[in-house]
Amino acid sequence: MYTTHRLGQTCLLASTLALLPLVASAADSAASPAANVSAPAASPATPEKKKATGGGGIGYEKSFTVTPQGKWTGPRTDDGQPDIEGHWSNTISNHANFTDPQGGIPGDPSFERKQPGPRNERAPSRVSDPADGEIPYQPWARAKQQEFLKYFFNPIKPEYIEPLARCAPAGVPKSLYWHGYEIRQYPGYVVFFFSSGTRVIHLDGKPHLPSNIKLWNADSRGHWEGNTLVVDVTNSNGKARFSRTGDFASENATFQEKYIFANDRSRYTYQSVVTDPTVYTRPFTVTIPARRYTLDDKPNGWHYEVYINKRDAKGGTPTIERDERICVENNGGFGQADHGPKK
């Protein structure tokens, strides 16, 4: 039984061109379960809540149940994939803080919202292994992360500016907790449409790109194991950050991802083992819960940035339309990098 909680930039040209053959193809046209990955250290799941009616804001689920791996008994696409198309968003906050998702950014001078309260009353760290919820940085890398954090609100060098402030893609894994997104499927592909770029997961057995080609959203090669999309991720350019607290990986990082979908298609759990011997002392595991948004949900300004098209339904089912979001550089609290502090 899954505990379900109802809570209330532009794409790069290269990504768009890469998707054209997929769209054209779409117009023309169960494996044994893998071993479970341990759940994050979280408090017992909170009771079922009435579905939120809408509004903006960020998901504040304080605990969650990890979706178990197993057989897929839900519907399938024409090419045999588990059908997981739809609109999705993570449920435990945004990208402000990676290891304390609902704790805000340390040192934030404009933190005027309600104080987060005791740590044990907030959502668990996205790092589910090690058990302390911390990224196992090498000493030099921890110092670098702290340097990024120190200058986040006063970016005196270009490297201190949050990449999203320059409309860069959010990268892996941050795209999964930076606004809601849409998943579409095509023969041989799963495609994520984020508000900060597009990510294509190849299912056709193609080899990875040459190692000298580095991408913001990396290079993804996947396959299905029952209800789990298993993805090998390489070729990251190492420029994206995990959070506004400066957490990072280098271009040598690899991600062994699992997207574990519930058979009723209401939820999925993302788990990824991150390996980068140039930055960390050991691999670590990231766990992120996500839920689907449907016509039963009211659009909002964060998780479900869509509009419901009833006009063209002509007596049938309305459609969900997602506009491409236009990114404006420094359109949020990124240290006021373009005009300096307020006086």
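Each value in this text was obtained by applying a stated rule to the coordinates, not by laboratory testing. This one's a predicted model, so the numbers in the text were calculated from it and none came from an experiment. All Cβ positions, even for glycine, are placed from backbone atoms using ideal geometry, and neighbour counts span all protein chains on display.
Taking a cut-off of 16 Å between Cα atoms, list the aspartates and glutamates near K62, but don't count ones fewer than 8 places away on the same chain.
E48, D100, E121
At 7 Å along Cα-to-Cβ for each site, give me the label-to-label distance between E121 and I213 in nm.
With each label placed 7 Å out from Cα toward Cβ, I get 5.1 nm.
Highest mean first, what order results for 168-181, 74-87, 267-280 on Cβ atoms within 10 Å?
Highest mean packing first, the order is 168-181, 267-280, 74-87.
Using a 7 Å offset from the Cα along the Cα-to-Cβ direction at both R282 and I156, what is the distance between the two label points in nm, to one decimal?
3.7 nm
In nm, to one decimal, how far is the modelled label at W140 from the one at I326, with both set 7 Å along Cα→Cβ?
4.4 nm
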